[in-house]
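Since the structure comes first, as C-alpha coordinates, the remarks are kept for the end.
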(Lines give C-alpha, C1' and ligand atoms only; values in the text may rest on other atoms or scores of the structure.)
Protein backbone atom coordinates (compact mmCIF):
# COMPACT_ATOMS: atom_id res chain seq x y z
CA UNK A 1 0.00 0.00 0.00
CA UNK A 2 2.78 2.43 0.93
CA UNK A 3 4.70 1.64 -2.26
CA UNK A 4 1.58 2.22 -4.37
CA UNK A 5 1.01 5.61 -2.72
CA UNK A 6 4.64 6.53 -3.39
CA UNK A 7 4.25 5.48 -7.03
CA UNK A 8 1.12 7.61 -7.44
CA UNK A 9 2.81 10.60 -5.78
CA UNK A 10 5.77 10.29 -8.13
CA UNK A 11 3.39 9.93 -11.08
CA UNK A 12 1.65 13.20 -10.16
CA UNK A 13 5.03 14.88 -9.80
CA UNK A 14 6.05 13.57 -13.22
CA UNK A 15 2.89 14.92 -14.87
CA UNK A 16 3.49 18.34 -13.27
CA UNK A 17 7.13 18.38 -14.40
CA UNK A 18 6.15 17.55 -17.98
CA UNK A 19 3.60 20.37 -17.99
CA UNK A 20 6.06 22.80 -16.36
CA UNK A 21 8.81 22.01 -18.85
CA UNK A 22 6.35 22.27 -21.72
CA UNK A 23 5.28 25.75 -20.58
CA UNK A 24 8.91 26.74 -20.04
CA UNK A 25 9.80 25.63 -23.57
CA UNK A 26 6.86 27.52 -25.04
CA UNK A 27 7.77 30.69 -23.14
CA UNK A 28 11.41 30.53 -24.22
CA UNK A 29 10.61 29.86 -27.86
CA UNK A 30 8.01 32.64 -27.94
CA UNK A 31 10.62 35.07 -26.60
CA UNK A 32 13.75 33.86 -28.39
CA UNK A 33 12.40 32.77 -31.75
CA UNK A 34 8.93 34.00 -32.59
CA UNK A 35 9.42 37.32 -30.79
CA UNK A 36 12.66 37.91 -32.65
CA UNK A 37 11.13 37.05 -36.04
CA UNK A 38 8.16 39.38 -35.54
CA UNK A 39 10.49 42.13 -34.24
CA UNK A 40 12.45 41.93 -37.49
CA UNK A 41 9.22 42.27 -39.49
CA UNK A 42 8.16 45.32 -37.45
CA UNK A 43 11.58 46.94 -37.85
CA UNK A 44 11.40 46.53 -41.61
CA UNK A 45 7.87 47.95 -41.73
CA UNK A 46 9.02 50.96 -39.70
CA UNK A 47 11.95 51.49 -42.06
CA UNK A 48 9.69 51.33 -45.10
CA UNK A 49 7.19 53.70 -43.46
CA UNK A 50 9.90 56.20 -42.47
CA UNK A 51 11.34 56.23 -45.99
CA UNK A 52 7.99 57.29 -47.45
CA UNK A 53 8.60 55.09 -50.48
CA UNK A 54 6.14 52.59 -51.91
CA UNK A 55 6.87 48.98 -51.05
CA UNK A 56 8.39 46.99 -53.87
CA UNK A 57 7.28 43.46 -54.73
CA UNK A 58 10.51 41.92 -53.41
CA UNK A 59 10.18 43.80 -50.12
CA UNK A 60 6.61 42.52 -49.73
CA UNK A 61 7.78 38.98 -50.47
CA UNK A 62 10.51 39.31 -47.84
CA UNK A 63 7.94 40.37 -45.23
CA UNK A 64 5.65 37.55 -46.29
CA UNK A 65 8.46 35.02 -45.76
CA UNK A 66 9.25 36.43 -42.31
CA UNK A 67 5.61 36.23 -41.19
CA UNK A 68 5.21 32.75 -42.71
CA UNK A 69 8.23 31.60 -40.70
CA UNK A 70 6.69 32.92 -37.48
CA UNK A 71 3.49 31.02 -38.31
CA UNK A 72 5.49 27.81 -38.75
CA UNK A 73 7.10 28.35 -35.36
CA UNK A 74 3.67 28.85 -33.73
CA UNK A 75 2.42 25.63 -35.31
CA UNK A 76 5.36 23.75 -33.81
CA UNK A 77 4.57 25.16 -30.37
CA UNK A 78 0.90 24.22 -30.73
CA UNK A 79 1.95 20.61 -31.15
CA UNK A 80 3.94 20.85 -27.92
CA UNK A 81 0.83 22.11 -26.10
CA UNK A 82 -1.03 19.00 -27.30
CA UNK A 83 1.74 16.72 -26.06
CA UNK A 84 -0.41 15.15 -23.32
CA UNK A 85 -2.97 14.03 -25.89
CA UNK A 86 -0.21 12.58 -28.02
CA UNK A 87 1.16 10.61 -25.07
CA UNK A 88 -2.20 8.89 -24.71
CA UNK A 89 -1.64 7.42 -28.18
CA UNK A 90 2.07 6.58 -28.31
CA UNK A 91 4.90 8.01 -26.23
CA UNK A 92 7.36 7.25 -29.04
CA UNK A 93 5.53 9.78 -31.20
CA UNK A 94 6.06 12.36 -28.42
CA UNK A 95 9.79 11.61 -28.50
CA UNK A 96 9.87 12.08 -32.27
CA UNK A 97 7.91 15.33 -31.93
CA UNK A 98 10.46 16.68 -29.45
CA UNK A 99 13.35 15.78 -31.75
CA UNK A 100 11.68 17.41 -34.74
CA UNK A 101 10.96 20.55 -32.73
CA UNK A 102 14.60 20.79 -31.65
CA UNK A 103 15.74 20.36 -35.23
CA UNK A 104 13.50 23.17 -36.48
CA UNK A 105 13.83 25.63 -33.62
CA UNK A 106 17.42 25.06 -32.48
CA UNK A 107 18.94 23.96 -35.80
CA UNK A 108 20.23 20.73 -34.22
CA UNK A 109 20.10 17.52 -36.24
CA UNK A 110 19.02 14.09 -35.02
CA UNK A 111 18.84 10.46 -36.00
CA UNK A 112 15.90 8.34 -34.87
CA UNK A 113 15.75 4.57 -35.22
CA UNK A 114 12.87 2.28 -34.27
CA UNK A 115 13.63 -1.42 -34.35
CA UNK A 116 10.59 -3.61 -33.79
CA UNK A 117 7.06 -2.49 -32.94
CA UNK A 118 6.29 0.34 -30.53
CA UNK A 119 5.55 -1.31 -27.16
CA UNK A 120 2.03 -1.19 -25.76
CA UNK A 121 2.41 -0.45 -22.06
CA UNK A 122 0.48 1.34 -19.33
CA UNK A 123 -0.07 5.07 -19.67
CA UNK A 124 1.58 5.63 -16.28
CA UNK A 125 4.76 3.87 -17.41
CA UNK A 126 4.59 5.79 -20.71
CA UNK A 127 4.83 9.01 -18.73
CA UNK A 128 7.80 7.85 -16.66
CA UNK A 129 9.71 6.72 -19.77
CA UNK A 130 8.91 9.94 -21.61
CA UNK A 131 9.97 12.08 -18.64
CA UNK A 132 13.28 10.20 -18.38
CA UNK A 133 13.84 10.87 -22.08
CA UNK A 134 12.91 14.53 -21.57
CA UNK A 135 15.38 14.96 -18.72
CA UNK A 136 18.19 13.22 -20.59
CA UNK A 137 17.61 15.33 -23.69
CA UNK A 138 17.41 18.55 -21.65
CA UNK A 139 20.74 17.73 -19.99
CA UNK A 140 22.39 17.16 -23.35
CA UNK A 141 20.99 20.36 -24.83
CA UNK A 142 22.15 22.35 -21.82
CA UNK A 143 25.60 20.88 -21.28
CA UNK A 144 26.94 18.81 -24.18
CA UNK A 145 27.29 21.42 -26.96
CA UNK A 146 26.41 18.63 -29.36
CA UNK A 147 24.85 19.50 -32.73
CA UNK A 148 23.66 15.92 -33.31
CA UNK A 149 21.51 13.57 -31.25
CA UNK A 150 20.76 9.92 -31.84
CA UNK A 151 17.78 8.12 -30.32
CA UNK A 152 17.38 4.37 -30.74
CA UNK A 153 14.23 2.52 -29.69
CA UNK A 154 14.46 -1.27 -29.77
CA UNK A 155 11.65 -3.67 -28.90
CA UNK A 156 12.07 -7.43 -28.48
CA UNK A 157 9.74 -10.02 -26.98
CA UNK A 158 11.08 -9.33 -23.49
CA UNK A 159 12.47 -5.79 -23.31
CA UNK A 160 12.13 -2.27 -24.66
CA UNK A 161 15.39 -0.32 -24.87
CA UNK A 162 15.64 3.45 -25.22
CA UNK A 163 19.08 4.88 -26.01
CA UNK A 164 19.78 8.62 -26.12
CA UNK A 165 23.20 9.66 -27.44
CA UNK A 166 24.91 12.98 -27.95
CA UNK A 167 28.31 13.67 -29.45
CA UNK A 168 29.38 16.55 -27.26
CA UNK A 169 32.01 17.23 -24.63
CA UNK A 170 30.84 14.72 -22.00
CA UNK A 171 30.65 15.15 -18.22
CA UNK A 172 32.89 14.30 -15.31
CA UNK A 173 31.60 11.66 -12.88
CA UNK A 174 30.97 14.16 -10.06
CA UNK A 175 28.78 16.28 -12.35
CA UNK A 176 26.82 13.24 -13.50
CA UNK A 177 26.00 12.18 -9.95
CA UNK A 178 25.21 15.58 -8.48
CA UNK A 179 24.19 18.01 -11.18
CA UNK A 180 22.20 16.21 -13.85
CA UNK A 181 19.37 14.60 -11.94
CA UNK A 182 20.64 11.08 -12.67
CA UNK A 183 19.47 9.78 -9.30
CA UNK A 184 15.98 11.11 -9.99
CA UNK A 185 15.97 9.46 -13.42
CA UNK A 186 17.16 6.17 -11.92
CA UNK A 187 14.45 6.35 -9.25
CA UNK A 188 11.75 6.70 -11.89
CA UNK A 189 13.23 3.83 -13.85
CA UNK A 190 13.20 1.70 -10.71
CA UNK A 191 9.54 2.52 -10.02
CA UNK A 192 8.57 0.94 -13.36
CA UNK A 193 10.96 -1.99 -13.01
CA UNK A 194 13.46 -0.62 -15.52
CA UNK A 195 17.23 -0.07 -15.40
CA UNK A 196 18.98 3.17 -16.33
CA UNK A 197 22.65 3.46 -17.20
CA UNK A 198 24.48 6.68 -18.10
CA UNK A 199 27.95 6.64 -19.64
CA UNK A 200 29.96 9.73 -20.53
CA UNK A 201 33.33 10.38 -22.16
CA UNK A 202 35.01 13.31 -23.94
CA UNK A 203 33.36 12.09 -27.17
CA UNK A 204 29.80 12.20 -25.87
CA UNK A 205 27.19 10.82 -23.47
CA UNK A 206 24.85 7.85 -23.74
CA UNK A 207 21.79 7.18 -21.60
CA UNK A 208 20.31 3.68 -21.78
CA UNK A 209 16.93 2.67 -20.39
CA UNK A 210 15.99 -1.02 -20.33
CA UNK A 211 12.30 -1.63 -19.64
CA UNK A 212 11.17 -5.25 -19.27
CA UNK A 213 8.06 -6.14 -21.25
CA UNK A 214 5.98 -8.28 -18.93
CA UNK A 215 2.35 -9.28 -19.35
CA UNK A 216 1.47 -7.14 -16.31
CA UNK A 217 3.02 -4.01 -17.84
CA UNK A 218 1.25 -4.60 -21.14
CA UNK A 219 -2.20 -5.31 -19.71
CA UNK A 220 -2.23 -2.29 -17.34
CA UNK A 221 -2.74 0.06 -20.29
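Rundown of residues vs (1) touching a helix residue (DSSP H, G or I) at 6+ places or on another chain (Cβ under 6 Å); (2) loosely packed, with under 11 Cβ neighbours inside 10 Å; (3) at pLDDT below 70, yes/no style:
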{"site": "15", "(1), (2), (3)": "no, no, yes"}
{"site": "30", "(1), (2), (3)": "no, no, yes"}
{"site": "52", "(1), (2), (3)": "no, yes, no"}
{"site": "70", "(1), (2), (3)": "yes, no, no"}
{"site": "75", "(1), (2), (3)": "no, yes, yes"}
{"site": "86", "(1), (2), (3)": "yes, no, yes"}
{"site": "108", "(1), (2), (3)": "yes, no, no"}
Quiz item: Does region 105-121 include one or more residues that are closer than 28 Å to residue 71 by Cα and part of a helix (DSSP H, G or I)?
Solution: yes
Exercise. Test residue 21 against the stated conditions and say whether it is under 17 Å from residue 131 (Cβ atoms) and either modelled with pLDDT under 70 or surrounded by 16 or more Cβ atoms within 10 Å (Cβ to Cβ) (or both).
Key: yes
Quiz item: With respect to residue 178, is the statement that it is over 26 Å from residue 117 (Cα atoms) and at pLDDT below 70 true?
Solution: yes
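The values are calculated or read from the model by the stated rules, or taken from the named source; none is laboratory data. Everything numeric in this text was worked out from a predicted model, so none of it was measured. Cβ sites come from the backbone with ideal geometry, for glycine too, and all protein chains shown count toward neighbours.
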